[in-house]
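For reference, the structure is listed below as structure tokens.
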Amino acid sequence: MSQRSKNLPRRSCLSTPGSSDRFLAKAPTAKSDFSFLDLEDSVAPNEKVAARAKVVNAIRTLDWDERVLCVRVNAWDTPWTYGDVIEVVGQAGERLDEIMMPKVQRASDVVAMDLLLTQVEKNAGLPVGHIGIEAQIETAEGLINVEAICAASARLESIVFGPADFAASIGMPVTTIDETIHHAPSNPFSYVFAKILMAGRMNGLHVIDGPFLKVRDLDALRYAAGISASYGFDGKWALTPDQALVLNEVYSPSQGLFDKSYDILDRYRVATEQEHTGALMFGDEMIDEASAKIANSFVERGLRAGMSRGQSA
Ligand code: GLV
Ligand code: MG
């Protein structure tokens, strides 16, 4: 796991098919916090092997600035996983931060990836432990095992929900992933969001929501993203640069909330250090140590997103 990428924001995680030279060339121009080059479901089976070299070339030759850079490899139940890792991690160099694992079912899937990465890093002259892991939860089995999965390796940086594969895995009666799922009379995603969030936070991981497939409807995306953001998720996948712009807003604290959090911390410091009191009124609200912790998490999130105190958004 690289400390550099672990500390960066992941409000918008842009997906790019690894077989498309055109989309690969465009990806670094998007304003996304995170970019992943896909070798899995957005690449046709007969393009999988050729896409590896395209992805390596894009990592080595394009300017990815500070964003987190990741490659999604194929799952262990395909013939491609080890080849993806050996070719891409073996040749991409240090700029590659992470590997994303799709359809993680159990902790041993992550342990196996950790062991393979260690060998490949040694042979490629990379620092051992340099490559982080993102684990996608997109099956019923993966969700049931998510607590063990999140604790399976020190390389883990994020736990990621994959709603499309997940809907297929549990037999949800939907043909796409859009905002209507959240309007249905019963919505299994509420349980999924809470379960993934707890497992991720228990292990200090970023927690990321997956794709929104009605790509042209940015208002509907804003609504759906607002739901996982309200649970405390750190970000969501973007399938287009326009989606990324919406997500950067949704997963940042508002300027008002950011400034109020600083004000709470200032007032609480004075109360505890000079007035010797631990619980006090802040306007109409009672605050104490727990309020300071909440405020601190908003300040950290805002600072990660590049916000400054007292500026309008
Ligand atoms: C993403 O991989 C998904 O299946 O939603
Ligand atoms: Mg998937």
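The values are calculated or read from the model by the stated rules, or taken from the named source; none is laboratory data. Small disclaimer: the values here were computed from a predicted structure and weren't measured. Every residue, glycine among them, receives a Cβ derived from its backbone with ideal geometry; neighbour counts consider all protein chains shown. What goes into the accessible areas is simple: the full protein's heavy atoms, side chains included, and nothing from ligands, DNA or RNA. Shrake-Rupley method; radii C 1.70, N 1.55, O 1.52, S 1.80 Å.
Key figures
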{"quantity": "Fraction of accessible area attributable to carbon and sulfur, region 255-304 (%, probe 1.4 Å)", "calculated": "53"}
{"quantity": "Trypsin sites (Lys or Arg not before Pro) within region 199-277: DSSP coil, no more than 10 neighbouring Cβ in 10 Å", "calculated": "R216"}
{"quantity": "Cross-link reach list, aspartates and glutamates versus K122, counting only Cα pairs under 13 Å and skipping chain neighbours closer than eight places", "calculated": "E94, D114"}
{"quantity": "Using θ = phi - 60° and Karplus 6.51 cos²θ - 1.76 cosθ + 1.60, couplings along region 92-106 (whole Hz; Gly, Pro as x)", "calculated": "6, x, 5, 5, 6, 8, 8, 10, 9, 9, x, 6, 6, 9, 7"}
{"quantity": "Two-site FRET efficiency, A44 against R309, from Cβ-Cβ distance with R₀ of 51 Å, rounded to 0.05", "calculated": "0.55"}
{"quantity": "Relative contact order for region 255-304, counting Cα pairs under 8 Å that sit 6 or more residues apart, in percent", "calculated": "45"}
{"quantity": "Over the chain, relative contact order from alpha-carbon pairs under 8 Å, at least 6 apart, %", "calculated": "16"}
{"quantity": "Given K31/K54; K6/K214; K48/K195; K31/K214; K6/K260, the pairs whose alpha carbons are separated by over 24 Å", "calculated": "K6/K214; K48/K195; K6/K260"}
{"quantity": "Contour minus Cα-Cα distance for L257 and A168 (0.36 nm per residue)", "calculated": "28.3 nm"}
{"quantity": "The chain: calculated mean residue ellipticity at 222 nm from DSSP helix runs of at least 4, using -39500 (n - 2.57)", "calculated": "-14000 deg cm²/dmol"}
{"quantity": "Stokes-Einstein diffusion coefficient of the chain, Kirkwood radius over Cα pairs, 20 °C, 1.002 mPa s, in µm²/s", "calculated": "105"}
{"quantity": "Probe 1.4 Å, accessible area per residue of region 66-218, Å²", "calculated": "40"}
{"quantity": "Stretchable slack from Y82 to N7, in nm (0.36 nm times residue separation minus alpha-carbon distance)", "calculated": "24.2 nm"}
{"quantity": "Per residue solvent-accessible surface (Å²) - region 255-304, probe of 1.4 Å", "calculated": "61"}
{"quantity": "Cα gyration tensor, region 41-103 - rounded (a/c under 1.5), prolate or oblate", "calculated": "prolate"}
{"quantity": "For I131, residues with placed amide H under 5 Å, excluding near neighbours", "calculated": "none"}
{"quantity": "Long-range HN-HN contacts of S12 with modeled amide H, under 5 Å", "calculated": "D33, F34, K236"}
{"quantity": "Whole-Hz couplings from phi, Karplus 6.51/-1.76/1.60, listed for region 173-184; x for Gly and Pro", "calculated": "x, 9, 10, 8, 10, 9, 6, 5, 4, 7, 9, 4"}
{"quantity": "Percent of beta bridges antiparallel (DSSP, the chain, rounded to nearest 5)", "calculated": "10"}
{"quantity": "Backbone HN-Hα couplings from phi across region 111-120 [Karplus 6.51/-1.76/1.60, Hz, Gly and Pro as x]", "calculated": "4, 4, 5, 4, 5, 4, 4, 4, 5, 5"}
{"quantity": "Cα gyration tensor shape for region 25-69, rounded if a/c is under 1.5, else prolate or oblate", "calculated": "prolate"}
{"quantity": "Virtual spin-label span in nm between D63 and H276, 7 Å along Cα→Cβ", "calculated": "5.9"}
{"quantity": "Cleavage-rule hits (GluC sites (Glu not before Pro)) in region 229-313: DSSP loop, at most 13 neighbouring Cβ within 10 angstrom", "calculated": "E275"}
{"quantity": "Full-stretch length increase - D266, Y191 - with 0.36 nm per residue and alpha-carbon distance subtracted", "calculated": "23.4 nm"}
